[in-house]
Each structure stands twice: as structure tokens, then as C-alpha cells.
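Contents: one structure, followed by commentary.
Since every read-out is calculated from the coordinates, none of them should be taken as a lab result. What you see is a predicted model; the values in this text were computed from it and never measured. Heads up, the Cβs are rebuilt from the backbone with ideal geometry, glycines too, and the neighbour counts pull from every protein chain shown.
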Amino acid sequence: MHRVKEGFDLWRLRDPEAPGVPLESIRMWRSAFDQRYPFDMPVFEVPHVLQSTWEHKGNVVYIFANWQTAEQEVVFRPMLYGRDGKSFRLVAYGAGESTASSLQQMGPLPSDLRLRVPALSALMVEQTAVSMAG
């Protein structure tokens, strides 16, 4: 874990596995003052959907950003990150949407979670431990 800013309770976590995410080969941009030929610039493999995982006040948040012009499917494996609990709630929040979508009210973490991320948009999934005691 890595604290984002001292005194701010937000931690960067290791991203979960997301097998099969398509990659795009992107050639590094160069300025007009750079004397190298464009084909000499390095090429990087960038996933179609960028992901980032955070922890805040005991909740885990997965963020997915689709920079493609078409909707993308993401399959990822939620993780415990050392949190106790046998039951979790998973809620998805889409960019620009006023309501959240409940993916799971209560239960063990699924082995795989399949999401559709709209084109040029972001999606956030909040994972909260739920007490089984009533």
C-alpha cells in the first residue's frame, strides 16, 4: 500500500488480476524539437481499459477508465486486501450517472466479475465488507 498524501486516508493498492484485457501498441509522442525519426520512438503496450485500485476508510474501490471509442468488457478478480469478512457488497457507479448499480448485496467475493465500461468513460466499483450479524 502507498499513502497518496500524508494526513489523507487514501491508499493506493495493487490492482487485481484482469486477464484478457486487450492491448494497444502506442508510439511515444515526440516534440518538433526532437531530432529522432518518429519510427525511432519507443512503442508501449497500453490496455484498452486502464485500472486503478484504492482503499479509503476500509472500503476498496476499483476504477476502470475506457479511453477507446467503443464499449469495452473487463473481467477482473476482486481481492480481500487483508480485510476480514466473509460477506461483501459490490456497487458500481458510472461516470455521469446519478444512480448506482448493485452488483452484489451480500456474499463472498466472486472469483471473476464481468463489467461493461462505456466508450470514453469511467466506472467505479466499491467493495464494502458487510456484517452478517443482524
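Debye-formula intensities of segment 4-134, expressed as log10 I(q)/I(0) at q = 0.13 Å⁻¹, are -0.65 (one equal scatterer per alpha-carbon, no solvent).
In this label model, Val91 and Asp15 are separated by 2.5 nm, measuring between points 7 Å along each Cα→Cβ vector. For segment 55-60, the Karplus equation 6.51 cos²θ - 1.76 cosθ + 1.60, evaluated at θ = phi - 60°, returns couplings of 10, 9, 6, x, 9, 9 Hz by residue, with Gly and Pro reported as x. Think of segment 2-129 as having a plus end and a minus end, set by charges on the Cβ of Lys, Arg, Asp and Glu; of Pro47, Gly107, Gly85, Gly85 sits farthest toward the positive end of this dipole. Taken about its Cα centre, segment 1-103 carries a charge dipole of about 340 debye when Lys and Arg each add +1 at the Cβ and Asp and Glu each add -1 at the Cβ.
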